[in-house]
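Pasting a structure below so you can have a look.
No lab work stands behind these numbers, since they all come straight from the coordinates. Because the structure is a prediction, the values reported are computed rather than measured.
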Ligand SMILES: [Zn+2]
């Protein structure tokens, strides 16, 4: 995530955080994955949202 610049304010300091709700393949799934948000520390613009565990979304 180095060398990235905020599209809104041009800031270069980013932080990562996660959501309290896991993302799931469907409503019935028991397993979910954390979403990792990368956002600008200056203005809060979300630069990217990443799914931590993509394996559970792959077709078997
Ligand atoms: Zn910013």
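In nm, what is the difference between 0.36 nm times the number of residues separating residue 37 and residue 18 and their Cα-Cα distance?
6.3 nm
May I ask you to compute the full-extension gain from residue 52 to residue 9, defined as 0.36 nm times their residue separation minus their alpha-carbon distance, rounded to one decimal in nm?
Gain on extension, residue 52 to residue 9, equals 12.8 nm.
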